[in-house]
Amino acid sequence: MANTNEFVIELRDFFQGLSPLAYLDSLTQKGNEGHASTMTNADILTGYITQGPALLDLATGTPSAVTELINHILDIPTADSVTYGIGATKLFQITPTAVTNAGIWPHAITNCTDGESVAYLKGILYYFYNTATQGGIGAYDLVTTFDDTWTVTLEKAIHPVAVKEDIMLFGNGKYVGKYTDSDTTLTVDKLDFGDNHEIADIVYFGNYWYIAVNGGVSGTNRSTGQIYLYDGAALDAVLADETGIGSQKIGFIYVVNGIVFVAYQDLSSTNGYHIGYVLGRQIKRLASFSGGLPNFAQKTLYQSTILYVAGSSLWSCGATSPDLPSQISQIADGGYDTIGALAAPFGTPMVASTDGATNFRLAKFSGYDTLSSWKSIVIPTSAGRRKGYIDEISVLSNSLGDSAGATLTIEADQATRTSNSKTIATTGKQRHIFNNIGLGGIIDMRVCISFSTGSASNPCKIRNIVVKGHYIEE
């Protein structure tokens with residue numbers, strides 16, 4: 001017969017990511033044995049708790065090629081190991097290891113004050129930008145010739161863009177514009193969604209254009225988000241269907257494995273940021289997060305999950321295997337506080353950022369971040385007059401490499417008390433057992449892992465955590 005005076009808490013299956021309520025409550029009790037209440041730059045995609053990716057700058061040298069925030073990067077290379085990005089005033093050529101800083105690169109765009117996006121169609125790179133008074137499109141032949149004023153008849157607005165075969169569809173304020181390469185026809189107002197509307201993003205999928213539109217006046221007022229379906233040929237001005245998300249604002253839409261995902265914001269909630277997917281005429285919410293709403297230039301694919309920007313951090317949503325549940329997690333730092341473009345044109349994610357003053361960077365995932373931590377959900381350890389006493393904690397890890405490690409603490413009684421710190425370390429060690437926790441009787445607890453003492457090259461991977469204790473009436 002089991003001893004009801006003892007308790008055993010096992011934490012495992014960390015691929016579950018953050019608790020469903022973590023975006024609202026950092027001390028949430030909602031979740032399973034693998035859910036976290038909060039995390040910072042932690043990678044749980046393989047089922048272990050480990051350090052998230054660190055960042056390695058691509059723009060090096062004096063002077064650096066990157067002297068402004070890069071706003072958008074083409075996520076599909078135009079040639080082997082070559083893609084392009086656009087910043088506030090310049091067009092950039094980017095390789096897997098560097099930002100070109102020689103010859104015609106970077107290219108200063110005539111009168112450009114706000115670069116918006118880049119697109120590749122039929123051997124030409126098109127770059128969308130705003131001047132002080134209007135919007136424009138430039139064209140680059142991928143050799144030496146730039147036509148910065150290919151057209152200067154656009155609205156001053158954000159300009160998301162998508163292509164298919166010989167057609168390019170782009171946002172132009174309240175309009176959707178269209179360019180057809182086969183007959184060189186440009187129409188900047190093919191579709192008109194009316195005043196106080198703005199095109200947030202466009203993707204092509206399943207012989208339809210999906211057009212995300214936000215409606216409502218600017219400022220802190222409510223916004224109404226709609227996703228419209230438009231025939232793939234883009235010949236007329238009739239929409240095929242629409243999906244509404246109500247009084248919420250759309251950040252981006254993105255297609256992965258035949259599913260159209262949507263990032264959106266509930267403006268009635270401080271941390272009301274969500275990712276869902278289109279299901280018929282509704283948006284099915286998948287997960288929620290905090291930090292901020294990403295835009296059309298701030299999403300990419302990483303290990304079969306959607307990697308995106310939220311505030312100054314990078315988040316992951318989805319699952320690495322169809323056999324695993326969908327998760328949401330804060331996986332990596334974005335660099336400086338203000339993040340621009342996020343893309344993975346060569347497979348490894350790269351992210352642009354600035355401190356808002358004089359420092360700018362474009363960096364890619366490389367190595368492991370030691371500014372990484374993970375905390376479990378809060379677990380009750382009391383019943384009636386009884387409080388819990390922790391007797392022993394055992395941790396299973398990978399076989400630790402040189403300098404790999406982490407520290408473990410217990411936060412108790414709604415995180416008002418902290419235990420003695422225990423070190424997970426020693427080269428080759430895989431099993432770590434701790435006692436003398438130093439808390440006495442506790443009402444609740446959560447396990448906290450910090451990688452601040454770890455290695456940037458050898459990760460510490462936590463596979464399993466078991467907490468054993470007993471109850472004493474107090």
Worksheet, complete the sentence: Exception for Tyr23 within (1) in a loop (DSSP other than H, G, I, E, B); (2) outside the structural domain of Ala412 (by TED's automatic domain parsing); (3) of a type in the set (Phe, Trp, Tyr); (4) surrounded by 20 or more Cβ atoms within 10 Å (Cβ to Cβ) falls at (2)
Item to complete: Determine which single condition Val99 fails, assuming it passes every other condition in (1) without any contact (Cβ under 8 Å) to a residue 40 or more places away in the chain; (2) of a type outside the set (Asp, Glu); (3) within 21 Å of Leu342 (Cβ to Cβ); (4) buried (at least 22 other Cβ atoms within 10 Å of the Cβ).
Response: (1)
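Could you check, for region 278-291, whether at least one of its residues is of a type in the set (Gly, Ala, Ser), within 16 Å of the chain's Cα centre (by Cα), assigned by TED's automatic domain parsing to the domain that holds Ser321 and not in a strand (DSSP E or B)?
Applying the first criterion (of a type in the set (Gly, Ala, Ser)) to region 278-291 yields 280, 287-288, 290-291.
Adding the requirement that they be within 16 Å of the chain's Cα centre (by Cα) leaves 287-288, 290-291.
With assigned by TED's automatic domain parsing to the domain that holds Ser321 added as a condition, the list becomes 287-288, 290-291.
Retained after the next criterion (residues that are not in a strand (DSSP E or B)): 290-291.
Yes, some residue in region 278-291 is of a type in the set (Gly, Ala, Ser), within 16 Å of the chain's Cα centre (by Cα), assigned by TED's automatic domain parsing to the domain that holds Ser321 and not in a strand (DSSP E or B).
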Worksheet item: So, of the residues in region 362-380 that are over 20 Å from Ser316 (Cβ atoms) and buried (at least 24 other Cβ atoms within 10 Å of the Cβ), which turns out to be farthest from the chain's Cα centre (by Cα)?
Response: Val378
Response to the item:
Taking region 387-405 and the residues there that are in contact with a Phe, Trp or Tyr (Cβ under 8 Å, 6 or more places away or on another chain) and either modelled with pLDDT under 95 or among the hydroxyl-bearing types (Ser, Thr, Tyr) (or both), the one that is nearest to Ser329 (Cα to Cα) would be Ser394
Practice prompt. Could you please find all residues in region 317-338 being in contact (Cβ under 8 Å) with a residue 60 or more places away in the chain and not in a loop (DSSP other than H, G, I, E, B)?
Written response: Gly318, Gln327, Ile328, Ser329, Gln330, Ile331, Ala332, Asp333, Thr338
Worksheet item: Within the set of pairs 6 or more residues apart or between chains, which connect a residue that is closer than 16 Å to Trp374 by Cα and surrounded by 17 or more Cβ atoms within 10 Å (Cβ to Cβ) inside region 455-469 to a residue that is modelled with pLDDT under 95 and of a type in the set (Lys, Arg) with Cβ atoms less than 7 Å apart?
Response: none
Worksheet entry | Condition broken by Val256, with the remaining ones in (1) buried (at least 19 other Cβ atoms within 10 Å of the Cβ); (2) under 24 Å from Ala341 (Cα atoms); (3) of a type outside the set (Asp, Glu) satisfied | (1)
Fill in: Output for region 34-48, where each listed residue is farther than 23 Å from Leu301 by Cβ, part of a loop (DSSP other than H, G, I, E, B) and in contact (Cβ under 8 Å) with a residue 60 or more places away in the chain
His35
Worksheet item: Do we find that Thr149 is in the same structural domain as Thr185 (by TED's automatic domain parsing), farther than 27 Å from Ser182 by Cβ and at pLDDT 95 or above in this structure?
Response: no
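For region 164-179, which positions are in contact (Cβ under 8 Å) with a residue 24 or more places away in the chain and either over 31 Å from the mean Cα position of the chain (by Cα) or not in a loop (DSSP other than H, G, I, E, B) (or both)?
Quick first cut of region 164-179, residues in contact (Cβ under 8 Å) with a residue 24 or more places away in the chain only: 164, 166-176, 178-179.
Within region 164-179, Lys164, Ile167, Met168, Leu169, Phe170, Gly171, Asn172, Tyr175, Val176, Lys178, Tyr179 meet the criteria.
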Practice prompt. Looking only at region 419-431, decide whether some residue is at pLDDT 95 or above and at positive phi.
Written response: yes
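Take region 49-88 and flag every residue that is β-branched (Val, Ile, Thr), under 14 Å from Val99 (Cα atoms) and not in a strand (DSSP E or B).
Looking only at region 49-88, we keep the residues that are β-branched (Val, Ile, Thr), and these are 49-50, 60, 62, 66-67, 70, 73, 76, 78, 82-83, 86.
Checking which are under 14 Å from Val99 (Cα atoms) leaves us with 60, 62, 66-67, 70, 73, 82-83, 86.
Selection gives Thr60, Thr62, Val66, Thr67.
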Discussion item. For a quick check of your reading of the model, give me the residue pairs whose first member lies in region 293-306 and is touching a residue at least 60 places away in the same chain (Cβ under 8 Å), whose second is among the charged types (D, E, K, R), with beta-carbon atoms closer than 6 Å and at least 6 apart or on different chains.
Written reply: Phe296/Asp201; Thr300/Asp75
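So how many residues does region 347-360 have that are in a loop (DSSP other than H, G, I, E, B) and crowded, with 18+ Cβ neighbours inside 10 Å? Working first, answer last.
Here is the first cut: in region 347-360, the residues in a loop (DSSP other than H, G, I, E, B) are 347-349, 355-359.
From what is left, the residues that are crowded, with 18+ Cβ neighbours inside 10 Å are 349.
Residues flagged as in a loop (DSSP other than H, G, I, E, B) and crowded, with 18+ Cβ neighbours inside 10 Å within region 347-360 amount to 1.
The values are calculated or read from the model by the stated rules, or taken from the named source; none is laboratory data. Note that the structure is a prediction, hence the values are computed from the model and not measured. As a convention, Cβ positions derive from the backbone with ideal geometry for all residues, glycine included, and neighbour counts pool all protein chains shown.
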